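The values are calculated or read from the model by the stated rules, or taken from the named source; none is laboratory data. In this text, all values refer to a predicted model and were calculated from it rather than measured experimentally. We place every Cβ from the backbone using ideal geometry, glycine too, and count neighbours over all the protein chains shown. Calculation scope for accessible area: heavy atoms of the full protein, side chains included, ligands and nucleic acids excluded. Shrake-Rupley method; radii C 1.70, N 1.55, O 1.52, S 1.80 Å.
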Amino acid sequence: MRKKPYMLATDLDGTLVGDPSALQRLLQHYENSNIEVELVYITGRHFASVSSLIEIENLPKPDILITDVGAAIYTTEKLTEDTTWAKKMHINWNPERIIKLASFFPTLQRQTLPSTKRVSFTVDQNEEVVKQFEKALVEENIPHKLIFSSNRDVDILPENSGKGEALSYILQNYANEDVKVLIAGDSGNDIDMLTLGHPSVIVGNAQLELVQMKNHPYLYRATEHFAGGIYEAWLHFYK
Ligand code: GLC
Ligand code: MG
């Protein structure tokens with residue numbers, strides 16, 4: 001893949017996806033201004049789930065796809081899994097222990113997923129149980145990264161995973177050193193990529209956990225929603 005001068009690294013649900021006409025305006029802007037933008041999708045969904053979203057929403061095919069909240073990376077024209085990253089994800093990863101421990105927390109509803117690249121749950125607005133589960137994971141010495149989003153989703157990931165770690169890996173291995181990047185998100189699982197220190201946008205419709213996030217010099221808070229917020233931030237940073 002030829003490296004492009006710009007990169008849009010964006011979450012999908014609630015960020016790029018949500019307002020089809022705003023998305024068209026953003027894509028049209030890229031087309032009209034004749035700039036080459038590398039498209040990186042960074043989602044909590046698993047591969048099959050994001051593939052169907054891309055089809056249903058008629059999204060442009062990404063150059064790079066990061067799924068499962070950063071636990072898997074797909075590159076090349078054919079979107080094949082990056083094996084170096086996959087190996088890294090296996091280090092200290094023990095989903096069975098996590099599943100066993102979670103069985104002591106009946107309010108954690110396990111999500112049905114096609115693999116154990118991550119172990120995810122939903123809770124009904126119960127932050128307390130999430131804290132207790134996290135405490136138990138630490139006490140049991142189970143290496144992990146816990147991400148809580150939208151007051152509902154609890155993702156347990158390999159310790160060196162997450163959207164921020166995965167995007168850093170992409171920037172190091174698949175991008176121009178001086179690539180002009182914009183990172184976009186709307187909920188808790190986006191925090192660790194939005195805080196890398198690169199130009200970033202929190203879209204106007206973001207969840208409370210992002211509204212409460214600390215500022216940094218390259219963090220832009222859009223008023224427009226979904227892709228409209230990305231467009232607003234793109235004009236702010238790059239025109
Ligand atoms: C997406 C995924 C879900 C995950 C959530 C938060 O909704 O489908 O599995 O828990 O993102 O990362
Ligand atoms: Mg989202």
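Could you check region 223-234 and list, in sequence order, the residues that are in contact (Cβ under 8 Å) with a residue 40 or more places away in the chain and either acidic (Asp, Glu) or open to solvent by 20 Å² or more (accessible area, probe 1.4 Å) (or both)?
Glu224, His225, Phe226, Tyr231
I'd like to know if region 140-147 contains one or more residues that are free of Cβ contacts under 8 Å to residues at least 24 places away in the same chain, part of a loop (DSSP other than H, G, I, E, B) and within 22 Å of Val119 (Cα to Cα).
The answer is yes, given that some residue of region 140-147 is free of Cβ contacts under 8 Å to residues at least 24 places away in the same chain, part of a loop (DSSP other than H, G, I, E, B) and within 22 Å of Val119 (Cα to Cα).
Within region 201-222, take every residue that is without any contact (Cβ under 8 Å) to a residue 24 or more places away in the chain and closer than 21 Å to Val37 by Cα and give me the one that is nearest to ligand 1 (Cβ to nearest atom).
Only one residue fits best here, namely Ala222.
Out of curiosity, is Val130 over 24 Å from Ser49 (Cα atoms) and within 14 Å of ligand 1 (Cβ to nearest atom)?
Spelling it out, Val130 is indeed over 24 Å from Ser49 (Cα atoms) and within 14 Å of ligand 1 (Cβ to nearest atom).
Look through Asp63, Asp19, Asp11 and report the one residue that is among the acidic types (Asp, Glu) and within 16 Å of ligand 1 (Cβ to nearest atom).
The unique qualifying residue is Asp11.
Scanning for something under 29 Å from His90 (Cβ atoms) and either basic (Lys, Arg) or within 14 Å of the chain's Cα centre (by Cα) (or both), does region 196-213 turn up at least one residue?
Within region 196-213 (the criterion being under 29 Å from His90 (Cβ atoms) and either basic (Lys, Arg) or within 14 Å of the chain's Cα centre (by Cα) (or both)), the answer is yes, since at least one residue qualifies.
Being of a type in the set (Ser, Thr, Tyr), in the same structural domain as Glu36 (by TED's automatic domain parsing), within 22 Å of the chain's Cα centre (by Cα) and within 16 Å of ligand 2 (Cβ to nearest atom) narrows it down to one residue among Thr67, Thr80, Thr75, Thr122; which is it?
Selected residue: Thr67, the only one of Thr67, Thr80, Thr75, Thr122 that is of a type in the set (Ser, Thr, Tyr), in the same structural domain as Glu36 (by TED's automatic domain parsing), within 22 Å of the chain's Cα centre (by Cα) and within 16 Å of ligand 2 (Cβ to nearest atom).
Which ones in region 67-104 are farther than 23 Å from Glu139 by Cα and aromatic (Phe, Trp, Tyr)?
Listed by number, the residues that qualify are Tyr74, Trp85.
With under 22 Å from Lys239 (Cα atoms) and either out of contact with any Pro (no Cβ under 8 Å at 6 or more places or on another chain) or surrounded by fewer than 18 Cβ atoms within 10 Å (Cβ to Cβ) (or both) as the only criterion, which of Asp178, Asp155, Asp192 stands out?
One residue alone meets the criteria, Asp178.
I'd like the full set of residues that are within 13 Å of ligand 2 (Cβ to nearest atom) and open to solvent by less than 50 Å² (accessible area, probe 1.4 Å), limited to region 19-48.
Tyr41, Ile42, Thr43, Gly44
What are the residues in region 4-52 that are within 19 Å of Gly70 (Cα to Cα) and of a type in the set (Ser, Thr, Tyr), if any?
Thr10, Thr15, Tyr41, Thr43, Ser49, Ser51, Ser52
Can you find a residue in region 107-117 that is without any contact (Cβ under 8 Å) to a residue 60 or more places away in the chain, within 16 Å of ligand 2 (Cβ to nearest atom), in contact with a Ser or Thr (Cβ under 9 Å, 6 or more places away or on another chain) and open to solvent by less than 20 Å² (accessible area, probe 1.4 Å)?
So far as region 107-117 goes, no, none of its residues is without any contact (Cβ under 8 Å) to a residue 60 or more places away in the chain, within 16 Å of ligand 2 (Cβ to nearest atom), in contact with a Ser or Thr (Cβ under 9 Å, 6 or more places away or on another chain) and open to solvent by less than 20 Å² (accessible area, probe 1.4 Å).
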